1. Counting only other residues whose beta carbon sits under 11 Å from that of Glu216, what net charge do I get with K and R as +1, D and E as -1?
2. Using the structure shown, select from Lys392/Lys442; Lys38/Lys97; Lys159/Lys295; Lys38/Lys135; Lys135/Lys159; Lys159/Lys392 the pairs with a Cα to Cα distance greater than 29 angstrom.
3. Setting aside same-chain residues fewer than 8 positions from Lys219, which aspartates and glutamates have a Cα under 15 Å from its Cα?
4. Starting from the Cα coordinates of region 236-379, work out the convex hull volume and express it per residue in Å³.
5. At a Förster radius of 30 Å, what calculated FRET efficiency corresponds to the Cβ-Cβ distance of Ser310 and His115, to the nearest 0.05?
6. Relative contact order for region 187-337: what percent, with Cα pairs under 8 Å and sequence separation of 6 or more?
7. Using the Kirkwood radius over C-alpha pairs as Rh, can you work out the diffusion coefficient of region 228-310 via Stokes-Einstein at 20 °C, viscosity 1.002 mPa s, in µm² per second?
8. More than 16 Å apart: what percent of Cα pairs in region 91-146 qualify?
Amino acid sequence: MQETIIRQLKSIVGEENVLTDEMDLLLYSYDASFPESKPDVVVFPRSTEEVSRIMALASAERIPVIPRGAGTGLSGGAIALKGGIVLSLTKMNRILKIDTENLVVEVEPGLINAHLQMALAPYGLFYPPDPASMKVCTIGGNIAENAGGPRCLKYGVTKDYVLGLEVVLPDGEVIHTGGQVIKNTSGYDLTRLFVGSEGTLGIVTKATLRVLPLPEAKKTMLAIFDSLEAASRTVSATIAAGIIPTTLELMDNLLIRCAEDFTHVGLPTDAEALLLIEVDGAKEALEPQVQAIEKICRKEGAREVKLATSAAEVDRLWLARRTVIGAAARARPSLVIQDVTVPRSLLPEMVSRIVEISRKVGLLIGVLAHAGDGNLHPLILFDSRIPEEMEKVHEAEKEIFAAAIELGGTLTGEHGIGLTKRDFFPLAFSPREIEVTRSIKKAFDPMNILNPGKILPE
């Protein structure tokens, strides 16, 4: 990158907020997925005005800009595929307003999800979207990917809580979408368009979010199965019975063993599968739900159903669930976590397909799922130093995607298309649908400088 551009960036944000050292660039060359590509520079704006000036400069010089939060994305969305500027929004991390009367908050994009949760708790409020990486991921990244999490079965995903946005467009112009009202049907829903756009249409610099009162009580259960299929059936049976738990998470034996080896919380390592189930709401309404869920679990073949009896026990169970992806490295040194969704009634079929694919390609594939949504996260375990295994990974990915689409599902439920799935985009969308998507991208970013090379196949 030209030294004159670097000097202009330093004049906008200050020298201390511009990184050009080779080691720094290496650290920003990857996210939580597998691809790597170094940017030319990393810049840390601290205000909407600075983001606007950076984008105006990038637009004038036709320099690619890649928005980045905490780098926890799992689809290569924060990779500087074509060099350019990585725009790290982590220093824009303030809570600007907590409005308890209207149940809304206004925040900057670099705010960590868990920090928002902690700030809301003293007011008796919470923000429902809770990705597994909530202790490190940012609100801006959650908005870019339309993140979900375990609670989304009952409460919905990020798009259901974003009321309004301040967005810097690729040419540096600033627009505002939505507002603080719950109901708004004025014109096209631009807010929803930006949510899940993976940083390809604009850069969110402020967000107005809907929050909710904390539930009065919750109960957490662990159902243990000797059959993965039986655990999968239980998910469909629970929803079919008219019960909507807060969370309904599934783990297979491989991941149970990895999680227990790491956390030592007492998971049953001989079980073929477990369901982590949580219900919340009015205290008097929970016991009937717990009894009904336990009855369904036992009817479908659960060998044991445990009810957590203390907050510490609940925390231990969730520690195992939220750390299991990292813990899977104990089985193999490398992993790819995929993200497909199928109609939840077909969850048992998709689980069976994944088991079959694992046997066919000769790789370990752990089954992890936000099962109540039909959202599966197959963990493909391998050794990246072995070229033959990398080929098997690609074969497994392709077969998993094809199976999900065949069953009426999607390529991604919450991780996004990004770079890692863009070549599979035509599996799920017709040529006309892809053309319409390209036209939307072109309308916002005619020079294709904002996170280029993502989502759409080239």
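The values are calculated or read from the model by the stated rules, or taken from the named source; none is laboratory data. Note that the structure is a prediction, hence the values are computed from the model and not measured. Don't worry about glycine lacking a Cβ; one is built from the backbone with ideal geometry, like all the others, and counts go over all protein chains shown. We work out accessible area using only protein heavy atoms, side chains counted, and drop any ligands, DNA or RNA first. Shrake-Rupley method; radii C 1.70, N 1.55, O 1.52, S 1.80 Å.
1. Numbers: positive: Lys218, Lys283; negative: Asp280, Glu284.
So the environment of Glu216 carries a net charge of 0.
2. Pairs exceeding the cut-off: Lys392/Lys442; Lys38/Lys97; Lys159/Lys295; Lys159/Lys392.
3. Filter leaves Glu249, Glu278, Asp280, Glu284, Glu287, Glu294, Glu313, Asp315.
4. With only Cα atoms used, region 236-379 gives 112 Å³ per residue.
5. Efficiency, from the Cβ-Cβ distance: 0.70.
6. Reported relative contact order: 33 percent.
7. In µm²/s, the coefficient rounds to 159.
8. When every Cα pair of region 91-146 is considered, 36 percent fall beyond 16 Å.
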